[in-house]
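Scroll down for the structure; my scribbles are underneath it.
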Amino acid sequence: MRHFRSVLAFKLTGVSALTLASVAFAGDYEECLLTAVEHAADSESVAEIVKSCEAKKQLKDQSLEPSVRKCLLSGALSADQLLTAQTLKESCDLLRKNEPEVPERLVQEKLIENNPYVLAAHKRNFIMPATYVDEPNQAPYKSSQDLYPGITDPIQHGEVKMQMSLKVPLTYNDIFFSSDALYFGFTLKSFWQVYNHEISAPFRETNYNPEFFYDITFPTKDLNGIILTRYGLEHESNGRSQLLSRSWNRAYVMLGYGQSNWGISFRPWYRIPEEAKEDDGDPTTPPPAPGDDNPDIETYMGHFEVVGAYKHGKLEYNAMIRQNFNSGYGAYELSMSFPLWGRLRGYAEFFDGYGESLIDYNHRITRVGIGLLLTGIL
């Protein structure tokens, strides 16, 4: 075991074995001595090693809060060769008591986002095997050239809802400001009629959401928190054709504020216009592929989104609202998560309104569901 730790220490980010040992095993005086002796230079005396470990132990006891020690340890053990000791220390220093409160997720993401063996979460990642919709949207499937002939209402009330969302950095150094970065994100959200054997249990709808965005964070002692800004371009579509095709492109700005146990963000957007679809007026033929599949989508999806998150102990509560004040349409979502085992958390969600999926952008639904959450907001 000691040999494994020594090898690991030498491989991590070019930090010397003695320095890494004092970080990864801070507070463990014996481990410091063992590691230092094993990797000491031939001319280094035992007295010098003892003195060094005693000084590090004293420094740790005086300056490192538990949250900082945990951050340094997890960062060192998950580090890749692009992470430097300075970056690790600066990221973890944000958790010190005399620094502004920062959500731990932001700190941990900075430590692992360049690791080639780790994919960072973007939005929430979850699966809800049990959900119920009050009024499923039957219209698109009835009008799509007899997709399910002989079945009056093909879509059932119960289905699985799941989401997978990841991001990767496209830059590895500061661009204009400290801690800014350019990212590529991808979110996939699916609705699976797994219990609907009458129509062969299809994935009735999957939305694909790639985006490029630029993030800047500003820790502020005056507000005792962190200001988050984001500028992005995104595409969202359901990957279908003709009558079932739905898509749009947006440019957005996000402004948020967070502390260690809560955060809120406001994200307005601008829909990038598309050319109108030219229909020949013949109801027996599908409209041509080019052109806007959903010209009124902003009427129902609104022009902005507000998201809030609050952590109380081991419970996390989230809320989302979208609104178009001119039309009166929009949506809201309430959810909570709670610990189960390991990194898995229980997840419950309530949604009411328009646009839960692109195929339902102009159809109001109410959904309740429960399942498992892998990554939340905080």
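All of the numbers you see were taken from the coordinates with simple rules; none came from a lab. Here the structure is a predicted model, which means the values were calculated and not measured. We place every Cβ from the backbone using ideal geometry, glycine too, and count neighbours over all the protein chains shown.
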> Roughly what would the spin-label model give for Y132 and I272, points 7 Å off Cα along C-beta, in nm?
Replying inline: 4.2 nm
> Using the beta-carbon distance between N249 and V118 and R0 = 22 Å, what value does 1/(1 + (r/R0)^6) give for FRET efficiency, to the nearest 0.05?
Replying inline: 0.15
> Looking only at region 343-361, which residues have a backbone nitrogen under 17 Å from a spot 7 Å from the Cα of Y317 in the C-beta direction?
Replying inline: 347-351
> How about region 202-275: which trypsin sites (Lys or Arg not before Pro) there are in a DSSP loop, with at most 14 other Cβ atoms within 10 Å of their Cβ?
Replying inline: K221
> Which entries in K167/K311; K161/K277; K123/K189; K123/K167; K221/K314 show an alpha-carbon gap greater than 20 Å?
Replying inline: K167/K311; K161/K277; K221/K314
> Taking other Cβ within 10 Å of each residue's Cβ, how do T229, T187 sort, fewest first?
Replying inline: T229, T187
>> Give me Y141, Y195 sorted ascending by neighbouring Cβ count inside 10 Å, so fewest comes first.
In response: Y195, Y141
> Taking neighbour counts of Cβ atoms within 10 Å as a proxy for exposure, in what order, fewest first, do T171, T152 appear?
Replying inline: T152, T171
> Charges only on Cβ, +1 for Lys and Arg, -1 for Asp and Glu: so what's the dipole of region 120-375 about the Cα centre, in debye to the nearest 20?
Replying inline: 1280 debye
